[in-house]
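All remarks here apply to the structure that follows.
The values are calculated or read from the model by the stated rules, or taken from the named source; none is laboratory data. Note that the structure is predicted; figures quoted are calculated from it, not measured. Cβ coordinates were reconstructed from backbone atoms using ideal geometry, including for glycine residues, and neighbour counts include every protein chain displayed.
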Amino acid sequence: MKIILDTHIFLRSISQPNKIEEKIKKLIQSLSNSIYISSITITEIMIKASIGKLSIDFNPVKIALKSGFELLEYKGDDVLLLKDMPLYHKDPFDRMIIAQSISNNYSIITNDEKFKLYDCKLI
């Protein structure tokens, strides 16, 4: 299975893995799954760090790769879905991750209830 981790799940997986449900941990650790960190997640982390909403002392790209995750670039085809996507969720980063998952037919691991309002595969 191909799975995108939402930003909060990625951050928790590298800083507080004991706070992730056991079922989710098993999916993330399973070698039969490809786990992706979107370039949108890296963008969100860096923007929030630059405006003081998040304090980080690590390189999120390096830690993602070191953790065994794959980086997923945000492509033009992913962006096109945003035009007609309903505005159920106002967070632009989350909307981009949702569009990316739909465009690529990947699942998303998130705790954000608003993702359920979209036609994306959730875990």
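Here are the numbers:
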| quantity | calculated |
| --- | --- |
| Those residues of the stretch 55-79 which are touching a residue at least 12 places away in the same chain (Cβ under 8 Å), out of contact with any Phe, Trp or Tyr (no Cβ under 6 Å at 6 or more places or on another chain) and aliphatic (A, V, I, L, M), in sequence order | Val61, Ile63, Ala64, Leu71, Val79 |
| Residues satisfying the stated conditions in the stretch 72-102, i.e. more than 17 Å from Thr43 (Cβ to Cβ) and among the hydroxyl-bearing types (Ser, Thr, Tyr) | Tyr88 |
| Matching entry among Ile3, Ile45, Ile35, Ile14 (being closer than 22 Å to Asn104 by Cβ and in contact (Cβ under 8 Å) with a residue 40 or more places away in the chain) | Ile3 |
| Which numbered condition Ile108 fails, given (1) in contact with a Ser or Thr (Cβ under 6 Å, 6 or more places away or on another chain); (2) part of a loop (DSSP other than H, G, I, E, B); (3) of a type outside the set (D, E, K, R) | (2) |
| Single match in Phe58, Phe115, Phe93 (criterion: over 15 Å from the mean Cα position of the chain (by Cα) and aromatic (Phe, Trp, Tyr)) | Phe58 |
| Only listed residue being surrounded by fewer than 14 Cβ atoms within 10 Å (Cβ to Cβ) and either at pLDDT 95 or above or of a type outside the set (A, V, I, L, M, F, W, C) (or both), chosen from Asp6, Asp57 | Asp57 |
| Residues of the stretch 71-117 that turn out to be closer than 23 Å to Ser13 by Cα and of a type in the set (Gly, Ala, Ser), as a count | 3 |
| Verdict on Ile45 being out of contact with any strand residue (DSSP E or B) (no Cβ under 6 Å at 6 or more places or on another chain) and closer than 20 Å to Asp112 by Cβ | yes |
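Yes/no matrix, rows are residues, columns are (1) out of contact with any strand residue (DSSP E or B) (no Cβ under 9 Å at 6 or more places or on another chain); (2) surrounded by fewer than 19 Cβ atoms within 10 Å (Cβ to Cβ); (3) at pLDDT 95 or above:
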site: Leu71; (1), (2), (3): no, yes, yes
site: Tyr74; (1), (2), (3): no, yes, yes
site: Leu80; (1), (2), (3): yes, yes, yes
site: Pro92; (1), (2), (3): yes, yes, yes
site: Ser101; (1), (2), (3): no, no, yes
site: Ser107; (1), (2), (3): no, yes, yes
site: Asp112; (1), (2), (3): yes, yes, yes
